[in-house]
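The values are calculated or read from the model by the stated rules, or taken from the named source; none is laboratory data. Here the structure is a predicted model, which is why all the values come from computation and not from measurement. FYI the Cβ positions are ideal-geometry reconstructions off the backbone, even for glycines, and counts take in every protein chain you see.
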Amino acid sequence: MNKTEFIKELKIKLRNLPSQELNDALSYYNEYFEDAQIDDTVDVEKELGSPSIVASQILSDYAVKDIQVKDKPSKNKVSSIWFIILAIFASPIALPLSFAMVILIGSLVFTIGALVFSLGLSSVGVLVSGILLFGTGILSVMSDFSSAILFIGTGLLICGIALLAFAGTVKLGNMVLKSILSWSNNLLKKVNKNKK
């Protein structure tokens, strides 16, 4: 496979990347061919591997880079998972193995998502109970002052604990998602390295 065919096939496999990332990747390989003085008579696949392997690596690296950017909305984190899945299918591994990897990653993400959702929902429930306890304390100030103070203090304590638990749940979810994507990226690198 010459460099023109390599670049053409690589562009097809990377079509789902944002245009800036696609242009950067293609520019990198065009510059590489120029610097190495590789013309259309040289078989670049022997040196770089197949365009599928290169595309798979670029997609998985983009997904990991995208997830590690702080302050990104959740939508972008979901797109990172999508890029890992695209990287798996762009990889020249056997189709059943590709499906198995996608199902494994999908089940991990679903399980962690369900866990984070349930922990977040529990935190909201505890927060609501703290607010209700605080409200009960405010309403009972005139009838029994000492009980009102107890309810208000306990309500505020429960609200604080619930807010901390919710923040911890969000942080845990992000950390686990980054770990799953990094693990997927490393697994894909190992599989692709064995295919070269």
Revision key, fill the gap. Filtering the range 137-169 down to residues that are in contact (Cβ under 8 Å) with a residue 24 or more places away in the chain and either among the aromatic types (F, W, Y) or under 24 Å from Y62 (Cβ atoms) (or both) yields F166
Point to revise | Residue list for the range 10-49, restricted to those being closer than 24 Å to K190 by Cα and touching a Ser or Thr at 6+ places or on another chain (Cβ under 8 Å) | key: K13
Check your understanding: Among (1) in a helix (DSSP H, G or I); (2) surrounded by 13 or more Cβ atoms within 10 Å (Cβ to Cβ), where does S146 come up short?
Key -> (2)
Check your understanding: Got at least one residue in the range 179-187 being of a type in the set (A, V, I, L, M, F, W, C), touching a residue at least 60 places away in the same chain (Cβ under 8 Å) and closer than 30 Å to E47 by Cβ?
Key -> yes
Check your understanding: Quick one: how many residues across the range 107-157 are under 21 Å from G168 (Cβ atoms) and aliphatic (A, V, I, L, M)?
Key -> 15
Exercise for review: Run T169 past the list (1) modelled with pLDDT of 80 or more; (2) not in a helix (DSSP H, G or I) and report the number of the one that doesn't hold.
Suggested key: (2)
